[in-house]
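The values are calculated or read from the model by the stated rules, or taken from the named source; none is laboratory data. Here the structure is a predicted model, which means the values were calculated and not measured. Glycine also receives a Cβ, built like all others from the backbone with ideal geometry; neighbour counts cover every protein chain displayed.
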Amino acid sequence: MLNPQNIHSKPTQKVGFVLKPHGYKGWLRIHIDEEEIEEIVFQSDFIYLELQNQWVPFKIEDYNPNIPAVKFFHLNSETDTTPLLGASILLFSDLIPEDLNQQSFESFKVFDSNDSFKGIVVSEVILPGHVVLEIELDSKVYMVPFHPDLVLQIDEESKVLKMKIAEGLEDLND
């Protein structure tokens with residue numbers, strides 16, 4: 001049973017990340033994956049960032065949606081904000097509309113456009129600006145960039161992901 005007093009017990013989803021400082025007065029450029037999610041994030045007084053595997057709330061002092069950039073209370077210089085660069089922005093999963101909830105592809109079988117088996121997704125690596133799938137094939141793990149434009153078909157029931165994969169990616173680690 002979830003303990004409502006412990007934010008770490010509530011399911012969250014990564015919805016963006018901190019890009020870089022904006023100016024020198026403690027402002028941060030951020031990226032949030034979907035415009036609709038950005039609106040949800042800034043309806044709150046706080047943003048949760050993942051720092052050292054902990055969810056840390058930061059009180060929002062100001063927000064500029066045109067850039068987009070955020071200013072947190074008590075962070076007033078580039079030095080104050082540097083430890084936050086690259087941090088993931090988290091949102092409680094129950095606040096995300098069903099149609100925007102991102103799917104995990106871990107344990108999906110991956111096939112290319114020619115229906116050739118390319119392995120099984122063992123993890124998803126979320127990097128600033130993109131997601132990479134780690135795929136295991138014949139006891140070797142290789143990485144494939146993930147983008148919705150590369151997806152040809154998703155069968156959630158069978159846990160099959162068919163996508164465009166550049167030739168030779170599985171051989172890069174040899």
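What is the number of the single condition among (1) assigned to a loop (DSSP other than H, G, I, E, B); (2) modelled with pLDDT of 80 or more; (3) on the phi < 0 side of the Ramachandran plot that LEU90 does not meet?
(1)
Which one is modelled with the lowest pLDDT among residues in the stretch 6-59 that are surrounded by 15 or more Cβ atoms within 10 Å (Cβ to Cβ) and small (Gly, Ala, Ser)?
Top of the filtered list is GLY16.
Which ones in the stretch 29-53 are part of a strand (DSSP E or B) and without any contact (Cβ under 8 Å) to a residue 24 or more places away in the chain? Even if it seems obvious, please write down each step before you answer.
First, the residues of the stretch 29-53 that are part of a strand (DSSP E or B): 29-32, 46-51.
PHE46, the sole residue that qualifies.
Under 9 Å between Cβ atoms, at least 6 apart or on separate chains: pull out the pairs that start in the stretch 133-153 with a residue that is at negative phi and of a type outside the set (Val, Ile, Thr) and end on any residue that is surrounded by 16 or more Cβ atoms within 10 Å (Cβ to Cβ) and not in a strand (DSSP E or B).
Once the first residue is at negative phi and of a type outside the set (Val, Ile, Thr) and sits in the stretch 133-153, its partners that are surrounded by 16 or more Cβ atoms within 10 Å (Cβ to Cβ) and not in a strand (DSSP E or B) give LEU133/PHE105; LEU133/PHE108; LEU137/GLU170; LYS140/GLU170; TYR142/GLU170; PHE146/PHE105; LEU150/ILE165; LEU152/ASP112.
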